[in-house]
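Q: Take a look at this one; I'll ask things after.
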Amino acid sequence: MDRAFRSRDSQFDGVFYTAVRTTGIFCRPSCPARKPKSDHLEYFPTVRDALFAGYRPCKRCRPLDPAGAPPAWLESLLRRIDEDPTRRWHDSDLRQLGLNPLRVRRWFQSNHAMTFHAYQRARRLGMALGRIRNGGDLTDSAYEHGFESFSGFRDAFQKLFGVTPGRSRSQRHVVVNRIFTPLGPMLVGVLDDSLCLLEFCDRRMLETQVRRLQHRLDCVMTPGESPVIAEVEQQLKTYFEGKRREFDVPLVTPGTEFQQRVWDGLRQIPFGQVTSYAAQAKRLGCPEAVRAVARANGDNRICIIIPCHRVIGTDGQLCGYGGGIWRKRFLLDLEKQTV
Ligand SMILES: [Zn+2]
C-alpha cells in the first residue's frame, strides 16, 4: 500500500485509503498532493472506516466520489454533449463554460484514450448509425449529424469502425460506455436489450476480448447511453453495497458450444460459494478437461454477473483472474461478508 500510494498508482483507487495523521485528511492512492512521511500514515479498507476514525476527505482527490468518475468541473460539459451530440464544440465554447480547453482534452485522452474531438465525433456517428440502421438516407444522415460532406462522413465513419456506412446497415450495433465501481471503471457493452460485455477497463487482453466479441457478433461499437447500461450500473451498485446476490439482466454470450456450457455452469455457482476448476470440469462431464475449462472461464466477457471469480484452485489458491487477483479476492470477501 505504501508503494502504491507513493507512486500514485490509480489501479488501487477504491481498494484502500490512506489517512495522514498530521493533517487529519484521507486520500485515494492516486492523490496528486505531496506525500507525507510513512510513519504519519494509516491505511483503511473503506471510506467509512476512515471517516469513523475521524479523518475528513481530501479536497483534491475527493475519495468519496466513485473511482474514476468524471470530475465536477466536467459534468456540465458532458451533460451538454449528451443533450445535443450534434453540436460542434470549439475552444471558444469551452472557455465560455469556464473550462480550459487543454484540460478538457487531457481528461478525454487519459480517461477515454481518445481526443475530445474524437469523442464528439464518435457520439455523432453513433446517432447517424442509428438512423442508417432504421432505413434513413445516408446523405441526410451525414448532413444532419454535422458533417459538411458525405465523403467526410464516410471517411470518419470508416476510420472509427472499420466499415463503410453502407455496409453498417447489415451490421449489429453495440452501445458501449464506462461505468464506475468501487473496483475501478468497467467497460460495458449492450446489444439491443442484452448485456454482451462487462470488463474492467484495465484488465489484461481487453482489446483482444473486444475484438473477438466484435468478430463474433459482426457488430460495430459506438459510445452512448442505454436503459440496459443504466440497469447494469444500478444492479452493480447494490451488489457492491452488499444488498444484491443475483443479477437479472438479459445476457448475450456468443461463443463455442463448450464455452457456453462452461459459462452456464458458472452461473449455477451460488453467491458466496466457491468451487474448483477440477470440480467444475467433473460436473460438465469432462473431468480431464480442467485446463480447457479454466481457459473458457478466462474467456468470459461478462465479469461478476457470470461469476468466474467463484472458481479457485483445488488447493484453495485463488489462481488467475483477468481483472487481477486482488479484485477476485475483493469480490470473494464481499460475498462472504454479505452471506
Ligand atoms: Zn488527496
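Laboratory data are not the source of any read-out in this text; all were calculated from the coordinates shown. The shown structure was predicted, so the numbers you read here are calculated from the model rather than taken from an experiment. Virtual Cβ from ideal backbone geometry, glycine too; neighbours counted across all protein chains shown.
Q: Given the pairs Lys282/Lys328; Lys37/Lys328; Lys35/Lys328; Lys35/Lys59, which span a C-alpha to C-alpha distance of over 19 angstrom in this model?
A: Lys282/Lys328; Lys37/Lys328; Lys35/Lys328
Q: Another question, if that's okay. Can you tell which of Ile269, Ile229, Phe247 lies farthest toward the positive end of the dipole of the stretch 228-283, using +1 and -1 charges on the Cβ of basic and acidic side chains (Lys, Arg; Asp, Glu)?
A: Checking the options against the dipole of the stretch 228-283, the answer is Ile269.
Q: For the stretch 172-240, just say rounded, prolate or oblate: build the C-alpha gyration tensor, square-root its eigenvalues into a ≥ b ≥ c, call rounded for a/c under 1.5, and beyond that prolate if a/b exceeds b/c, oblate if not.
A: It comes out oblate by the Cα gyration axes.
Q: What is the stretch 222-335's relative contact order, in percent, from Cα pairs under 8 angstrom and six or more apart in sequence?
A: Taking the mean separation of contacting Cα pairs over the length of the stretch 222-335, I get 24 percent.
Q: Shifting gears a bit: Each label point is 7 Å from the Cα along the Cα-to-Cβ direction; what then is the distance between the points at Asp202 and Arg172, in nm?
A: With each label point 7 Å from Cα toward Cβ, the separation is 3.1 nm.
Q: How would Tyr277, Tyr43 line up from fewest to most surrounding beta-carbon atoms within 10 angstrom?
A: Going from least to most buried by this count: Tyr43, Tyr277.
Q: Right, another one. Along Cα→Cβ, 7 Å out, is where each label goes; now give me the distance between the ones at Arg95 and Asp82 in nm to one decimal.
A: Inter-label distance under the simple model: 2.9 nm.
Q: What is the extension gain from Arg329 to Asp2, computed as 0.36 nm multiplied by their sequence separation minus the C-alpha to C-alpha distance, in nm to one decimal?
A: So the chain would gain 115.8 nm between Arg329 and Asp2.
Q: Then there's this: Using a/c under 1.5 as the rounded threshold, could you call the stretch 2-57 rounded, prolate or oblate? The axes a ≥ b ≥ c are square roots of the C-alpha gyration tensor eigenvalues, and prolate needs a/b larger than b/c, oblate otherwise.
A: oblate
Q: Here's something else I'd like to know. Would you mind pulling out the separation of the Cα centroids of the stretch 14-78 and the stretch 225-304, in Å?
A: Taking the Cα centre of each part, the stretch 14-78 and the stretch 225-304 sit 33 Å apart.
Q: Which order results if Glu231, Glu335, Glu42, Glu241 are arranged by neighbouring Cβ count within 10 Å, fewest first?
A: Least to most surrounded, the residues fall as Glu241, Glu42, Glu231, Glu335.
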